[in-house]
Each structure stands twice: as structure tokens, then as C-alpha cells.
Amino acid sequence: MAISTALREARERLGLTQEAIGAMGCVTNKLISEVERGNRRLAKDVGRRIAQQLDDARFHLAWAAEAAGGVFVAGPLDGVDTHPAAVVLRGQEEIEELLEAKLALRRQLGRAHGKLTDEDRRAVQQVVQEAIDVITWGQVFVAAVCEHFGLSLAEQYELHRRKLQERGYQTKAGAPASTRSGAR
């Protein structure tokens, strides 16, 4: 989903004006209008400020997908049922497919990269694709549940970052720059 569409839909869903969104990003409502029509792009700092203040799950996904060029974040999916119950069922299917693909991969794990056959490479690629499916559906699930139950996506990720740091998996230096100060 394009940032233009995600921004307009988030603004409408939250009942905000272009002027209010502009104030969040310290820009004019005219710029927001241009962005929503797809005529202008949001500057990185403006988009970050808007994303943090909107705290809209679908806009966060779209902004993250844009920032990462579609790698690691697929963005909001507009062709799926996002009711939490439907997402849970689909997620279960994706997890089961990943587990099956992982079982098929066991023999390739001990081989050196240069010793993989074409069949081995296909098996590795299948596992990677299944893992990406699980990641995508996990993001859809988190967004759907946060939206459905009124949870702050930013707060949920802050709790997750703290847990990673407490367990020693991530240092403060490894955390995203906007979260290192401890303030949102």
C-alpha cells in the first residue's frame, strides 16, 4: 500500500483533518494533501513524526515498508480479512507450513554453501519463503489486534524492545535510533 493511501485512510479512520496531520509533522495541510494525492513524498523526519503521533498500525506498516524498500516489512495487506479471528487462523496455517518446510531442510543444514545441489537450494528457498509468510502474517496479526482492541502499536514494540534488551539480545546501541533515549 502506498504511503499516500495509508496516510489518507489513517486520517479518515481517526477522524482527523489534513491540517491536524500537518501539525503532527510540522508541515502544511497543503503538503499533506499533495502527499495523499501521490504528488509529493513525505520527508523521512516528517513521516517519522506523523507515524509516532498517529500511532496507527496500518500507517506504521506502510511507513516501515516504504523505509525498508519492502524488505522485512510487506506493509499493510488490503486483500485479506483482517478480523483478528481470521488472522489467527491464517497465521496458524502459515506456522504449520513453515514447520513442515523446516523439517525438509534438516539435511541441508550440515552442508557447506558450495556443496548444495539445486534441490537443496530449492528447499532452502522454500523455508525462507515460508518464514517470510509467517513474518508477514505476524505483522498483520499485531496490527489487526492492536487496532481492534485499541492498543498502541508503538507501546507494544517498546515493551518488546525492552524485553530484548533485558534478555541481552539487543543493546541500546542496537535499538532503532528513535528509541535509544528511552522516550517516545
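The values are calculated or read from the model by the stated rules, or taken from the named source; none is laboratory data. Predicted model, so just to flag it, every value in this text is computed and none were measured. Neighbour counts are summed over all protein chains in view; Cβ atoms, including those assigned to glycine, are modelled from backbone coordinates with ideal geometry.
Number of residues in segment 137-169 that are out of contact with any helix residue (DSSP H, G or I) (no Cβ under 8 Å at 6 or more places or on another chain) and within 21 Å of Glu97 (Cβ to Cβ) equals 0.
Determine whether Gly138 is closer than 25 Å to Arg90 by Cβ and touching a residue at least 12 places away in the same chain (Cβ under 8 Å).
yes
Across segment 103-141, the qualifying residues are those that are over 20 Å from the mean Cα position of the chain (by Cα) and under 30 Å from Ala57 (Cα atoms), and the one among them that is surrounded by the most Cβ atoms within 10 Å (Cβ to Cβ) is Val127. In segment 66-101, the residue that is surrounded by the fewest Cβ atoms within 10 Å (Cβ to Cβ) out of those that are in contact (Cβ under 8 Å) with a residue 40 or more places away in the chain and part of a helix (DSSP H, G or I) is Val88. Checking Ala65, Ala6 one by one, the residue that is small (Gly, Ala, Ser), within 18 Å of the chain's Cα centre (by Cα) and modelled with pLDDT under 90 is Ala65 and no other. Exactly one residue out of Thr28, Thr82, Thr17 is under 21 Å from Val140 (Cβ atoms) and among the hydroxyl-bearing types (Ser, Thr, Tyr), and it is Thr82. Every condition in (1) within 29 Å of Val145 (Cβ to Cβ); (2) of a type in the set (Ser, Thr, Tyr); (3) free of Cβ contacts under 8 Å to residues at least 12 places away in the same chain is met by Thr17 except one, and the failing one is (3).
I'm checking my understanding of the structure. Among residues of segment 142-170 that are of a type in the set (A, V, I, L, M) and free of Cβ contacts under 8 Å to residues at least 12 places away in the same chain, which one is surrounded by the fewest Cβ atoms within 10 Å (Cβ to Cβ)?
Just the residues of segment 142-170 that are of a type in the set (A, V, I, L, M), to begin with: 142-145, 151, 153-154, 159, 164.
If we keep only those that are free of Cβ contacts under 8 Å to residues at least 12 places away in the same chain as well, we get 151, 159, 164.
Numbers: Leu151: 14, Leu159: 11, Leu164: 14.
The selected residue is Leu159.
One residue alone among Arg40, Arg49 is at pLDDT 90 or above, more than 29 Å from Val128 (Cα to Cα), in contact with a Gly (Cβ under 6 Å, 6 or more places away or on another chain) and not aromatic (Phe, Trp, Tyr), and that residue is Arg49.
Filtering segment 16-38 to residues that are under 24 Å from the mean Cα position of the chain (by Cα) and not in a helix (DSSP H, G or I) leaves Leu16, Arg37, Gly38.
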